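Taking it in order: structure first as structure tokens, then the write-up.
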Amino acid sequence: MDRAIRTLLKDVKGGHRMSEKEATGLFSVNDRQVWEIAAAADEMRKERAGDAVTYVRNQNINVTNLCVNACGFCGYSKKPGDEGIYFHNKAEIQKKAAQAHGRGVSEICTVSGLHPDFTAQSYIDVYRWICEAAPGIHLHASNPMEVAYAAKRSNLSTVGVLDMMKEAGLNSMCGTAAEILVDSVRDTICPQKIPTKEWVRIITEAHGLGIPSTATIMYGHCETNEDRVQHLAILRNIQDETGGFTEFVPLSFIHMNTPLFRQGKARAGATGREDLLMVAIARLFLDNFKNIQVSWVKEGIKMAQLGLIAGGNDLGGTMFEESISKGAGATNTDYLDPAEMQRVAEDVGRPLRRRTTLYELV
Ligand code: SF4
């Protein structure tokens, strides 16, 4: 192995905080040293998160696929006049929430486009309906883009909107809409989304109000290794400041049905090497995150399993309803039986444990 990499991995295991330059170098490794990086990350995972592979019983509720934005990586959103538009009303949302409750789901996550008629009140209504139909459920909803949109539509501050959402039942927030927190990349893949600075401000505000969130990255399109590391560094800095991130979730770009790929502006998703390195380097670089999730929805269960021996300690949710990745062309995204999760976890010598959204074991 390259001596510099061997020394770096040894230093990081000994407590050295990896620099951005060092992390960028690791992302370019493309030979058997990938396994060494993964092995170091696996050791770190054991030390920081233990052996259990965790998962949560959750269900997505898709509110509407109508969206005023047109992100280039999105195969889910529709414009007025398109075929296949839906907008679930109170009765439908409550039916789905009650069904989830009946299935013993502990978390409901809302997923939605930015409906042209939505205001802050629209989000509040949906959260109240869900909490009414599924009492005691953990509501994981909103992301900084939705908060900014609700604030703009209702002429409120983003803190004001977050307060209202919390009051309406929001327990934790989705760290999505982060994509890559580098404005030059955002200008290509999601020009209408809030800029990096605003994403950081809103997620920090949420943490300040006692609303924890996940942290995500969407990679494998047109970003460079430097962009990835800049993104990770932003997350690490926020975590130093707030401690409000529950986990880091790398989301591998699903390219098939997306405008970005069709227009030749993105490559055909990350490779297996890149998926593995993203988990491993995140584990080594994000020294203030306990939980690194591997997404079976984005990577498939076989790749996700390899992520578990490259720094990952969590398999995410069972799902029951998933539309975002399916819209972009992914298959088998609707539900993963905990029995299958157990099979892949035990196959790498680890026990499977059910958790809550906030990582308490149940
Ligand atoms: S990613 Fe979200 S904001 Fe962007 S077009 Fe799709 S639904 Fe709309």
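The values are calculated or read from the model by the stated rules, or taken from the named source; none is laboratory data. Remember, predicted model here, so these are calculated numbers, not experimental data. Don't worry about glycine lacking a Cβ; one is built from the backbone with ideal geometry, like all the others, and counts go over all protein chains shown. Surface areas here come from the heavy atoms of the whole protein model, side chains and all, with no ligands, DNA or RNA. Shrake-Rupley method; radii C 1.70, N 1.55, O 1.52, S 1.80 Å.
The HN-Hα couplings worked out from phi for the range 41-51 by the Karplus form 6.51 cos²θ - 1.76 cosθ + 1.60 (θ = phi - 60°) are 5, 5, 4, 5, 4, 5, 5, 8, 10, x, 8 Hz, whole numbers, x standing for Gly and Pro. Residues whose amide H falls under 5 Å from that of D314, counting only those 5 or more places apart or on a different chain, are T54, I292, V294, with hydrogens built in the peptide plane. Comparing A98, A215, A304 in a Gaussian network model of the chain (Cα springs below 10 Å), the most mobile by mean-square fluctuation is A98. For I61, nonlocal amide neighbours, meaning residues 5 or more places apart or on other chains whose placed amide H falls under 5 Å from its own, are C109, T110, V111. For the range 246-285, the solvent-accessible area of protein heavy atoms averages 32 Å² per residue (probe radius 1.4 Å; ligands and nucleic acids excluded). Site pair K79 and R32 shows an inter-label distance of 5.3 nm when each label is modelled 7 Å from Cα along Cα→Cβ. Per atom type, the range 32-150 shows carbon and sulfur on 50% of its accessible surface, probed at 1.4 Å.
Given an 8 Å cut-off on Cα distances and at least 6 residues of separation, report the relative contact order of the chain as a percent. Averaging sequence separation for qualifying contacts and normalising by length gives 24 percent for the chain.
Helical content of the chain, expressed as a calculated mean residue ellipticity at 222 nm, amounts to -13500 deg cm²/dmol (DSSP H runs of 4 or more residues, -39,500 (n - 2.57) each, divided by residue number, nearest 500).
Excluding same-chain neighbours fewer than eight residues apart, the lysines reachable from K13 by a Cα-Cα span under 30 Å are K21, K46, K290, K298, K302.
Note on V362 and K197: their simple-model spin labels are 4.1 nm apart, each label 7 Å out from Cα toward Cβ. Between the C-alpha center of the range 73-130 and that of the range 192-224 there is a gap of 21 Å.
Put a dot 7 Å past the Cα of R343, heading toward its Cβ, do the same for D11, and the two dots end up 4.4 nm apart. Shown is the FRET efficiency for K21 and A91, computed with R0 = 51 Å from the Cβ-Cβ distance and rounded to the nearest 0.05: 0.40.
In units of the rule-of-thumb radius 2.2 N^0.38 Å, the range 241-280 shows an alpha carbon radius of gyration of 1.56. 3J(HN,Hα) along the range 207-215: 4, x, 8, x, 9, x, 8, 7, 10 Hz, from the Karplus curve 6.51 cos²θ - 1.76 cosθ + 1.60 with θ = phi - 60°, whole Hz, x for Gly and Pro. Which aspartates and glutamates, on any chain, are close to K95 with Cα under 12 Å apart, when same-chain ones fewer than 8 places away are left out? Straight-distance partners of K95: E132. Comparing P144, I5, T119 along the charge dipole axis of the chain, the residue lying farthest to the positive side is I5, per the Cβ-charge model. Full extension of the chain between A268 and L209 gives 17.3 nm of extra length, using 0.36 nm per residue less the Cα-Cα distance. Cross-link reach is defined here as a Cα-Cα straight distance under 28 Å, omitting same-chain residues fewer than 8 places apart; for K152 the lysines meeting it are K78, K79, K90, K166, K193, K197. For chymotrypsin sites (Phe, Trp or Tyr not before Pro), no site in the range 1-78 is both called loop by DSSP and has at most 14 other Cβ atoms within 10 Å.
Partnerless cysteines in the chain, where a partner means another cysteine C-beta under 4.7 angstrom, comprise C67, C109, C131, C174, C222.
Among 185-191, 199-205, 86-92, sorting by the average number of other beta carbon atoms lying within 10 angstrom of each residue, highest first, gives 199-205, 185-191, 86-92.
Express the Stokes-Einstein translational diffusion coefficient of the range 40-85 in µm² s⁻¹, to the nearest whole number, given a Kirkwood radius over alpha-carbon pairs, 4 °C and a viscosity of 1.567 mPa s.
So the translational diffusion coefficient is about 88 µm²/s.
Restricting the calculation to Cα atoms, the chain yields a radius of gyration followed by a Dmax of 19.5, 62 Å.
Of the beta bridges in the chain, as assigned by DSSP with both residues counted there, near 10 percent are antiparallel. Once the Cα atoms of helix 338-347 and of the chain are each reduced to a long axis, what angle between those two axes, in degrees from 0 to 90 to the nearest 10, is obtained? It is inclined by approximately 10 degrees. The length gained on full extension between Q99 and Y335, counted as 0.36 nm times the residue separation minus their Cα-Cα distance, comes to 83.5 nm.
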